[in-house]
Amino acid sequence: MLREANLRRLAEESFDVLVVGGGVNGAVAAAALAARGARTALLERGDFAGETSQASSNLAWGGVKYLESFEVALVRKLCRARNELLRTYPSTVQEIRFLLVHERGFRHSRAGIWAGTWLYWALGRFATRRPRLLSRAELEREEPAVDAARADGAVEYSDAYLHDNDARFTWGFVRSALDRGAAVANYVESLGASREGGAWVTRARDLDGGRELLVRSRLVVNACGPFADAYNALIGQRTRHRHVLSKGIHLLVDRLTPHRRVIAFFADDGRLFFVIPMGPKTCLGTTDTPTDSPEVRVTPEDRRFVLDNVNRRLRLPRPLGEDDVVAERCGVRPLAVEGEGAGGADWMQLSRRHVVEADPSSGVLTVFGGKLTDCLNVGEEVCAEVERMGVALPDRRRAWYGEPPAEVRDEYFLQARRIGLDAMTSPASSEPLSTRLWRRYGARALGLLDAIRADPAEAQVLIENAEYLRCELELAARREMVVRLEDFLRRRSKISQVVRREDVRDAQGLREACRLLFGERAQERLLECFPELRGAEEAGWERRRVQGATAAVPDPK
C-alpha cells in the first residue's frame with residue numbers, strides 16, 4: 001500500500017528535486033530537502049542501502065589512518081561529523097574503544113602511533129575518552145584473545161560504531177523523507193532523462209510491477225554511489241570528478257572475545273584491519289582490492305586473506321576456517337578523484353572524502369565519494385547547492401536529523417515499565433527489549449507498546465535467535481516498504497548477518513513472518529529468497545490449501 005501510493009505520486013506530481021539512488025548519500029539528501037520544504041522524490045533501482053551502504057564496517061569513525069597522509073583538515077571534519085552523530089543519535093551511534101595492536105618492526109613506532117591518537121583526540125575536540133598506551137604485558141592481560149608474540153604493546157583510543165547496522169541507519173533517513181512528504185520508491189529504475197522546457201523528465205520502470213512512468217523535476221541529484229559515473233553517462237552529464245573503486249569484504253563469525261571493543265591491527269597489506277563486535281557475532285575485515293566494476297562478490301582469495309590475518313594475530317582455540325563463516329559483507333568504496341587519473345597517488349591512500357559537484361546550467365548535482373560518518377554534511381551541502389541552483393527552501397533552518405526529544409523518550413520508557421516490557425525479553429536477546437525497540441523505532445515504538453498492551457502475543461519472537469517480534473513485522477509491512485524477503489532479513493534487520501542462512505530457512509516462524517510481511521505473495525517471496533525450498537514448499541502449500549478447503553465443506557450428515 002505505501003509503495004503503491006508513492007508510485008502514483010511519482011507519476012502524477014511534479015517535483016523540485018529528484019534524487020536518484022537510495023544509499024546513505026541519497027537518503028540524507030532526500031531527508032534534508034524534504035524537511036526544508038522542497039518537493040522531493042527519491043528513486044532506488046534496488047532496495048534502499050542495497051549496495052555500498054549495506055557493506056561498511058558499521059563504524060562511524062574520523063579516519064585516524066588519514067593522519068599518515070597528513071590530511072588533517074579531513075580528519076578534523078570527519079571527527080566533528082562523528083561527534084554530531086554521537087550527539088544526535090545516542091541510542092544508535094555509540095562510543096567504542098579501539099585496541100590498536102602494535103607489531104614489532106612496524107613502519108611507525110608505538111610511541112609515534114600513541115602521539116597520533118592524541119592528535120586525533122584533539123582534532124575531535126576531546127569528545128571521547130582519552131587514549132592509553134599499553135605495554136605488552138598489559139595487552140595480554142586486558143585482551144587475552146590477541147596473540148602478543150609479535151607485538152610490543154598497543155594503543156587504545158575511541159571512535160564510534162552503529163549498534164544495529166548501516167542499512168537500518170540509512171533506512172531511517174528514507175523514512176524521515178517519507179514523513180516530511182517526499183515521494184519515495186524502491187525497485188524503480190531510472191531508464192534515462194531528458195530536458196524539456198527547462199525541467200527534467202525521467203523515464204522510470206517499476207521493476208516489481210513492470211509499469212513505466214515519467215517523473216518530472218526541476219533538478220536531478222545523482223546519488224548513485226559507485227554507479228554515479230554510469231548514470232551521468234546515461235543522461236549525458238559531464239563532470240570534473242569521477243570514481244575509482246575499491247572492493248572491501250567482511251566475514252561474520254561467532255563472537256571471538258567477550259569484550260565490547262574493536263581490536264585493530266595492521267594487516268599483511270599494511271591497511272588497518274578490524275575485529276568488530278556485532279551483537280552475538282564478530283565482524284572481520286576489511287580487504288582493499290581495486291576493481292573496475294561496482295558489481296563484486298566475495299572470492300576464495302578474499303576469504304583466505306581475512307581468515308589468515310585473523311588466525312595469525314588472535315589466540316583462538318582453533319584456527320578459523322570457511323565453515324565458521326556465518327555471513328559475508330561485500331561492497332565497493334567509491335573514491336572521488338578529479339580528472340582522468342588518481343593524481344599519481346597510491347590508490348590505497350585515497351581518502352573517503354566526498355565531493356558535491358553542481359552544474360547549474362544543466363540542473364544536475366552529483367555526489368561523489370563519501371562515507372557514512374560524513375553523511376550529515378552531505379545532506380547539508382546538497383541543500384546549499386540546490387538553493388543556489390534556484391530551488392527555494394522555505395524551512396531552511398529546520399532540523400532534519402536526530403532522535404526524538406528527551407520527553408518522548410522518557411514517556412516511552414515509562415510506558416514500557418508499566419507494561420513490564422523487559423520481562424518479555426527473549427532469554428537469547430543481547431539487550432533489554434525496551435532499549436532495542438526505542439533504538440530501532442524511536443517515537444513509533446509507542447505504537448508497538450500499544451499493540452503489546454492489547455495482545456501480549458504481539459511480543460512473540462517468530463524467527464529463533466533473530467530478536468524480532470510479531471508487532472515489528474506488522475510495522476515493517478505497513479511502513480518500511482519491504483518488497484522482497486531479503487529486504488527485511490538483510491537491510492531492515494540484520495537477521496541474515498547474525499543467523500546462518502540454513503537456520504533462517506528452517507526456522508518455524510519464517511512462513512508466518514512471510515505471511516505478515518507479504519500477505520498473498522508470501523509463498524512467492526519465500527521461494528524467491530530460498531529457491532531450494534521450491535518443490536517441497538509448493539507441495540506443502542498446496543496440501544495446506546486443500547486441507548483448508550476440505551475443512552470448510554459442511555458434513556453431509
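Estimated at the nearest 10 Å², the accessible area of Glu212 is 110 Å² with a 1.4 Å probe. Across the protein chains, with a 1.4 Å probe defining accessible surface, the residues Val332, Val244 rank Val244, Val332 from largest area downward. The listed residues Glu189, Glu357, once ranked by accessible area (1.4 Å probe) with the largest placed first, stand as Glu189, Glu357. Between the C-alpha center of segment 29-78 and that of segment 297-343 there is a gap of 22 Å. Taking all protein chains into account, the per residue accessible area for the chain stands at 42 Å² (1.4 Å probe).
Given a 1.4 angstrom probe, I'd like the percentage of the accessible area of the chain that is carbon and sulfur, rounded to a whole number. Here carbon and sulfur together make up 50 percent of the probe-accessible area. Label sites at Arg150 and Arg453, each approximated as a point 7 angstrom past Cα along Cα to Cβ, lie 5.7 nm apart.
Rolling a 1.4 Å probe over the protein heavy atoms leaves His108 with an accessible area of roughly 80 Å².
Accessible-area rank, largest first, for Asp254, Asp47, Asp269: Asp254, Asp269, Asp47, with all protein chains present and a 1.4 angstrom probe. Measuring r between the beta carbons of His259 and Leu119 and using R0 = 25 Å, the FRET efficiency lands at 0.45. Cα centroid separation, segment 357-396 to segment 440-487: 34 Å. Of the GluC sites (Glu not before Pro) in segment 8-76, the ones in a loop by DSSP (not H, G, I, E or B) with at most 13 other beta carbons within 10 Å are Glu13. Considering only alpha-carbon pairs that sit under 8 angstrom and 6 or more positions apart, the relative contact order computed for segment 224-368 is 33 percent. The residue list Ala32, Gly21, Asn6 was ranked by how far each Cα lies along the charge dipole of segment 1-62 toward its positive end, using unit charges on Cβ atoms, and Ala32 comes out on top. So, in the chain, how many Lys pairs have Cα atoms under 15 Å apart, if the pair is 8 or more places apart or on different chains? The result is 5. Listed options for Kirkwood radius over Cα pairs in Å are [x] 23.6; [y] 25.9; [z] 25.0. The value calculated from this structure is the one marked [z]. Exposed loop sites, defined as chymotrypsin sites (Phe, Trp or Tyr not before Pro) outside DSSP H, G, I, E and B with at most 15 other Cβ atoms within 10 Å, are absent from the longest region of the chain, namely 127-557. The heavy atoms of Arg490 present about 20 square angstrom of accessible area, all protein chains included, probe 1.4 Å.
Annotation note: GluC sites (Glu not before Pro) in segment 265-348 located in DSSP loop regions with a Cβ neighbour count of at most 12 within 10 Å are Glu295, Glu340.
The values are calculated or read from the model by the stated rules, or taken from the named source; none is laboratory data. Values in this document were obtained by computation on a predicted structure and should not be read as measured data. Cβ: placed from backbone, ideal geometry, glycine included. Neighbour counts: every protein chain shown. Ligands, DNA and RNA are stripped out before the accessible areas are found, and what is left, the full protein with its side chains, is counted by its heavy atoms. Shrake-Rupley method; radii C 1.70, N 1.55, O 1.52, S 1.80 Å.
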